[in-house]
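Okay, structure first, notes after.
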Ligand SMILES: NC(=O)c1ccc[n+]([C@@H]2O[C@H](COP(=O)([O-])OP(=O)(O)OC[C@H]3O[C@@H](n4cnc5c(N)ncnc54)[C@H](OP(=O)(O)O)[C@@H]3O)[C@@H](O)[C@H]2O)c1
């Protein structure tokens, strides 16, 4: 028997993706998967793509007494809901990986500003580790509570780590544009995500002040050693999976294309899930070539004429942007090979 894992919120998109990944994870046994709406129904009732896996398993209601028989719990829940469950799970000595935003920000006051509520557990925010291995691998090894990054934020941060870390850009003028597919909104249709409204769109939303920029600023400021203010505009686009961040920046005096290439190699050369994309046949990161996988493709374009560098990262929002990254962090926490369950190549065509 492997490490026992429970998923609260297993009928949603990220919960389903966790089930898919963990079905091939050699160190894990999924002992509980919750859905209040589908409690008692087979997993395949909601996730027919998992036919042949989890054959005898059914969704259960959120019954913490049963869930606490696990060793680790993934929370795939809407904003604000993880707060209800996390303290009791942690008190029982289990590890928690939260895919939602309830613990991503270190400063409790930021929750009032960005999420509109007073954070009820400020002490837990001091313990939490932001679950991006490329930034926090060492801290993750002893983490109890992991806040898995948002999808837009993951793409934005990964695009910019080399330039910020190696101080190649004017840190006071960073503007990030993200394009993201419809699965980022979860499986419950809304007026904006309903297929006829969403299909084929290229639509800015929360074009200034999107809450994901709070974690982007938090993480890149820590890397820069001073507080950064960053402009951020997401766009809903017509694909189902995929997110592409393009960060527009200006190089500082003395920085050039060679320095960017060196920075990418030193930051990402040994990263198991980062692929540096440069040159033909496909010159720049493209979400189409990471779909279904935990890879993030990163790259850049340097326009010498105006001194501008555009840094890019492409991910599958449900994988490196959610469940894949959460399992990668969990693997580090549990002392497993970081790649366990995650070495699926992307799909093509997708
Ligand atoms: N989708 C993405 O690309 C993405 C990427 C990164 C992070 N995230 C974050 O991950 C979290 C989950 O996203 P998702 O896309 O998987 O959402 P989703 O498809 O809407 O799924 C939400 C899940 O939570 C359960 N749930 C809802 N309210 C609950 C409650 N009060 N108590 C217990 N269970 C509850 C739902 O099942 P029942 O209602 O049947 O219980 C469902 O299983 C969100 O915080 C989201 O922001 C999403």
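General observations
- Each peptide in 235-242, 42-49, 114-121 was scored by the mean count of other Cβ atoms within 10 Å over its residues; highest first, the order is 235-242, 42-49, 114-121.
- Helical runs assigned H by DSSP (4 residues or longer) give the chain a calculated mean residue ellipticity at 222 nm of -8500 deg cm²/dmol, each run adding -39500 (n - 2.57) before division by the residue total.
- Counting DSSP beta bridges with both ends in segment 17-159, the antiparallel % (nearest 5): 10 percent
- Working from label points 7 Å from Cα in the Cα-to-Cβ sense, the residue 68 to residue 306 distance is 5.9 nm.
- Most to least packed among 220-226, 295-301 [average Cβ atoms within 10 Å]: 295-301, 220-226
- Segment residue 231-residue 55, extension gain: residue separation times 0.36 nm, minus the distance between their alpha carbons: 58.7 nm
- On Cα atoms only, tilt of 257-268 relative to the major axis of the chain in degrees: 20 degrees
- Convex hull volume of the C-alpha atoms in segment 80-137, normalised per residue: 88 Å³.
- Placing one equal scatterer on every Cα of segment 127-220 and applying the Debye formula, the log10 ratio I(q)/I(0) at q = 0.21, 0.24 Å⁻¹ is -1.12, -1.26.
- Gain in span if fully extended, residue 195 to residue 109, counting 0.36 nm per residue against the direct Cα distance: 27.3 nm
- Scattering from segment 269-331 was approximated by placing one identical point on each alpha carbon and applying the Debye formula without solvent; log10 I(q)/I(0) at 0.13, 0.16 1/Å stands at -0.39, -0.56.
- Debye log10 I(q)/I(0) at q = 0.10, 0.16, 0.17 Å⁻¹ for segment 197-320, Cα point scatterers: -0.36, -0.96, -1.08
- Projecting the alpha carbon convex hull of the chain along each direction and taking the average yields 17.4 nm².
- Where labels lie 7 Å past Cα in the beta-carbon direction, separation of residue 142 and residue 175 in nm: 4.4 nm
- With the convex hull of the Cα atoms taken as the outline of segment 1-105, the averaged projected area works out to 6.4 nm².
- Length gained on full extension, residue 166 to residue 127: 11.3 nm, using 0.36 nm per residue less the C-alpha separation.
- Beta-bridge orientation, segment 151-317: approximately 75 percent antiparallel, per DSSP, counting only bridges with both partners inside.
- Share antiparallel - DSSP beta bridges, the chain, percent rounded to 5: 50 percent
- Placing R0 at 41 angstrom, the Cβ-Cβ distance between residue 41 and residue 270 gives a FRET efficiency of 0.40 after rounding to 0.05.
No value in this document is a laboratory result; all are computed from the given coordinates. Fair warning: this is a prediction, and the values are worked out from it, not measured in the lab. A quick note on method: Cβ atoms are made from the backbone with ideal geometry, for glycine too, and the neighbour counts reach across all protein chains shown.
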